[in-house]
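What follows is a set of notes on a single structure, which appears directly below.
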Amino acid sequence: MKERRFMSLLQQAVNRVFLLSSLVIFSMIPPPPAFSLTLQQEEVLAEEFVRYIHATHRLVRDPLITGYVREVGGRIVDVLEDPPFPITFNVVLNPSYNAFAGPGGHIYIHSGLILAMESEEELAGILGHEIAHVTCRHISEIVARSKKVGIGTLAGLAAGILAAVGGASPDAAFGLIMGSQAAGQSALLSYSRENEREADERGLGYLSAAGYGGEGLLTMLRKIRGKEWYTTDDVPTYLRTHPGTEERITFVSAWLKSRQKDSPIESRKNPSDDEAFARVRDRLQARYTDSGAAVSHLGNRLKEDPDNLSVRHALALAQIRNGDRDDALKNMEIVTRANPMDKVVISDLGRIRFHAGQPEAAILLLKNVAPETGDPEVFFDLGRAYAALGHYEEAVKTYEEVLRMAPDLIGARYALGEVLGRMGRDGLAHYHLGRYHHGTRNFSNADFHYARSISLLAEDSPESRDARERREAIARQLRKASPERR
C-alpha cells in the first residue's frame with residue numbers, strides 16, 4: 001500500500017517536472033501581440049513531448065503495420081511544398097478512437113481507430129487531417145491563445161500537451177488543452193472548431209493532390225459520430241479532441257459534392273490498396289488485441305473464405321498468442337508453403353515455432369531473416385530461442401541488438417539480466433535487472449539490484465557509474481514525491 005502511494009505521488013512529481021520544463025520553454029516566448037512559437041521552440045517542445053509519450057505508452061513496433069501507415073502518410077506528405085517539420089507517423093497501442101498531431105510534426109494514431117476502419121481511404125482521410133494540423137501550426141496557435149488568456153490557461157495547456165496520451169486518462173489531458181476553465185471553455189472550443197475546419201479544408205486538398213478521394217474522412221467522421229450516444233465518460237477520445245463533428249460532416253459532404261461536379265470519380269487517380277489495408281488491420285488485431293476474440297473473429301472469416309491466406313496468416317498469429325499451438329503451426333505452415341520466400345512469413349513461422357516449444361527450429365528460421373525484418377520482437381524471440389538451448393553468448397548479443405533497436409522493450413532487459421546471471425556475470429546481471437525494474441517503476445527492486453551491481457562491478461565501469469546515478473535519481477524522485485520521508 002505504501003509503495004503504491006509512493007508511485008502515485010511519484011507520477012505526480014514526474015508530471016510536474018514535464019510541466020515546469022514546458023513552462024521554461026514557453027517563458028522564452030515574447031508577450032502578445034508578437035507572441036508565437038518559433039519553429040525552433042516548437043522543436044524543443046516536441047522533444048519533450050515525444051520523450052514523454054515513448055516513456056509512458058506502448059507503440060506498435062511491427063514494421064509491416066507501421067511501415068504501411070508511414071507509406072500512406074508519406075504519400076500525402078509528398079504533395080506538400082514546404083512542410084514546417086519532417087512529419088513522422090506512429091501507431092499507439094490504445095483501443096480508443098483517436099489520432100492527433102503533436103508539436104514538431106509528430107503524428108500518432110491509436111490502434112483502436114485503425115481497427116474501426118475499412119479501407120485505405122479512411123486511413124488516408126484521418127492522416128490528411130492531422131497533417132494539415134501540422135502545416136497550419138495549430139499547436140503553436142493553441143499556445144498563443146492560451147497566453148492571451150492568462151497563466152492559468154498556459155499551465156493547463158502545458159500539462160495537457162505533455163500528458164496528451166500519457167498517464168491513465170488521455171481524455172482528461174487533452175481536456176486541459178481544449179477546455180481550460182481559466183480561459184473560459186467556450187472561447188477555446190470556438191477557436192478549436194475553427195482549427196478543425198481549416199484542417200479539414202487543407203487536408204482535403206492534400207488528399208486530392210495525393211490521389212485520394214476524400215470520402216474516407218467523411219465515412220470516419222460518421223462512424224465516430226455514431227458513438228456519440230455513449231455516456232460522457234465513454235465518448236471516444238476523438239470527439240473530445242476534435243470537436244464540431246456535425247459541422248465537419250456538413251462541410252466535408254459539401255466539399256465532396258462540389259468536387260464530384262468538377263472532377264468525375266472515374267477521372268481521378270486512386271492509389272488505394274485495400275488488400276494491403278486489410279492485411280495490416282488483420283495483423284494489428286491478431287498481434288495486439290485480445291487473443292481469444294481475435295481467434296474467434298478471424299476464424300469465422302476464414303470459414304467464409306478458406307482460400308484467404310492473409311486471414312489464415314493473421315489467425316495463426318492470434319492462435320499462438322492464445323496458446324493454440326497445433327492450430328497455429330498448421331495454419332502457418334499452409335501459408336509458408338504458398339509463400340516460401342516471403343521474409344515476413346518465414347519470421348512469423350520462426351516465432352510461432354519458438355512459442356510452440358521448438359527453439360532449435362526457430363533459430364534455423366530466424367537467424368538469417370531477423371536482420372531483414374527490422375522487427376525487434378523477432379530478434380527478441382531469436383534471443384530467447386538461443387537462451388532456451390543454452391547458447392548464452394548468442395543470446396546476449398541478440399538481446400543487446402534488441403535494446404539498440406528498441407530501448408523501451410524492457411522485457412529484453414530482464415531476459416538479458418537472466419542470461420548474464422546464468423553465465424556467472426552477476427554484476428552486469430544485477431545492473432540489467434535494475435534497469436528492468438526501474439522501467440516498470442518498481443523502485444525498491446531497482447534500487448536493490450543497482451546496489452548489488454555497484455558492489456560487484458569495477459568502480460569505474462560505465463554500468464557502475466550509471467547505477468550510482470540512477471540510485472541517486474530514484475532517491476531524489478522519492479523525496480519529491482513524499483515530503484514526509486525527508
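The values are calculated or read from the model by the stated rules, or taken from the named source; none is laboratory data. This is a predicted model, so every value here is computed, not measured. Heads up, the Cβs are rebuilt from the backbone with ideal geometry, glycines too, and the neighbour counts pull from every protein chain shown. The accessibility values were calculated without ligands, DNA or RNA, using every heavy atom of the protein model including side chains. Shrake-Rupley method; radii C 1.70, N 1.55, O 1.52, S 1.80 Å.
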Original post:
In this structure, does GLU247 turn out to be at pLDDT 95 or above, over 19 Å from GLU122 (Cβ atoms) and part of a helix (DSSP H, G or I)?
Top reply: no
Subject >> Every residue from segment 319-343 that is among the aliphatic types (A, V, I, L, M) and touching a residue at least 24 places away in the same chain (Cβ under 8 Å) >> reply: ILE320, ALA328, LEU329, ILE334, VAL335, ALA338
**OP:** Determine which member of the set ILE107, ILE76 is β-branched (Val, Ile, Thr) and in a helix (DSSP H, G or I).
**Re:** ILE76
Subject >> So SER146, is it at pLDDT below 95, surrounded by fewer than 19 Cβ atoms within 10 Å (Cβ to Cβ) and of a type in the set (Ser, Thr, Tyr) >> reply: no
Original post:
Looking at GLY390, GLY374, which is the one that is out of contact with any helix residue (DSSP H, G or I) (no Cβ under 8 Å at 6 or more places or on another chain) and among the small types (Gly, Ala, Ser)?
Top reply: GLY390
**OP:** Could you please find all residues in segment 322-353 being under 23 Å from PRO371 (Cα atoms) and among the charged types (D, E, K, R)?
**Re:** GLU333, ARG337, ASP342, LYS343, ASP348, ARG351, ARG353
**OP:** For segment 440-460, indicate whether the set of residues that are open to solvent by 40 Å² or more (accessible area, probe 1.4 Å), modelled with pLDDT of 95 or more and under 27 Å from the mean Cα position of the chain (by Cα) is non-empty.
**Re:** no
Subject >> Matching option when the condition is open to solvent by 20 Å² or more (accessible area, probe 1.4 Å), basic (Lys, Arg), under 24 Å from GLN358 (Cα atoms) and within 24 Å of the chain's Cα centre (by Cα), among ARG321, ARG312 >> reply: ARG321
Original post:
Can you tell me which residues in segment 53-67 are open to solvent by 20 Å² or more (accessible area, probe 1.4 Å), in a helix (DSSP H, G or I) and touching a residue at least 24 places away in the same chain (Cβ under 8 Å)?
Top reply: HIS54, ALA55, THR56, PRO63, LEU64
Original post:
What pairs come up if the first residue lies in segment 418-444 and is free of Cβ contacts under 8 Å to residues at least 60 places away in the same chain, the second is of a type in the set (Val, Ile, Thr), and their beta carbons are under 7 Å apart, counting only those six or more places apart or on different chains?
Top reply: VAL419/VAL396; LEU420/VAL396; TYR436/ILE410; GLY439/ILE410; THR440/ILE410
Original post:
Among GLY211, GLY216, which is part of a helix (DSSP H, G or I), closer than 18 Å to ARG75 by Cα and modelled with pLDDT of 85 or more?
Top reply: GLY216
Original post:
SER272 is checked against (1) at pLDDT 95 or above; (2) in contact with a helix residue (DSSP H, G or I) (Cβ under 9 Å, 6 or more places away or on another chain) and fails just one. What number does that condition carry?
Top reply: (1)
Subject >> Evaluation of PRO407 against (1) within 18 Å of PRO63 (Cα to Cα); (2) open to solvent by less than 70 Å² (accessible area, probe 1.4 Å) (one fails), failing number >> reply: (2)
Original post:
Out of (1) of a type outside the set (Ser, Thr, Tyr); (2) more than 19 Å from GLY411 (Cβ to Cβ); (3) open to solvent by less than 30 Å² (accessible area, probe 1.4 Å); (4) within 29 Å of the chain's Cα centre (by Cα), the odd one out for LEU329 is which?
Top reply: (4)
Original post:
Based on what the data block shows, is ALA385 of a type in the set (A, V, I, L, M, F, W, C), at pLDDT 95 or above and open to solvent by less than 10 Å² (accessible area, probe 1.4 Å)?
Top reply: yes
**OP:** Return the residue satisfying two criteria in turn: it lies in segment 344-374 and is outside any helix (DSSP H, G or I) and touching a residue at least 24 places away in the same chain (Cβ under 8 Å), and of such residues it is nearest to ARG321 (Cα to Cα).
**Re:** ALA356
Subject >> Filter result for VAL378 (closer than 30 Å to ILE334 by Cα, touching a Phe, Trp or Tyr at 6+ places or on another chain (Cβ under 8 Å) and in a helix (DSSP H, G or I)) >> reply: no
**OP:** Filter segment 461-474 down to residues that are touching a residue at least 12 places away in the same chain (Cβ under 8 Å) and open to solvent by 30 Å² or more (accessible area, probe 1.4 Å), then give me how many there are.
**Re:** 5
Original post:
Mind checking which residues of segment 68-115 are modelled with pLDDT under 95, in contact with a Pro (Cβ under 9 Å, 6 or more places away or on another chain) and open to solvent by 20 Å² or more (accessible area, probe 1.4 Å)?
Top reply: ASN94, SER96, TYR97
Subject >> Filter result for ARG425 (surrounded by 22 or more Cβ atoms within 10 Å (Cβ to Cβ) and among the basic types (Lys, Arg)) >> reply: no
Original post:
Is it the case that ALA412 is in a helix (DSSP H, G or I), surrounded by 18 or more Cβ atoms within 10 Å (Cβ to Cβ), at pLDDT below 95 and out of contact with any Pro (no Cβ under 7 Å at 6 or more places or on another chain)?
Top reply: no
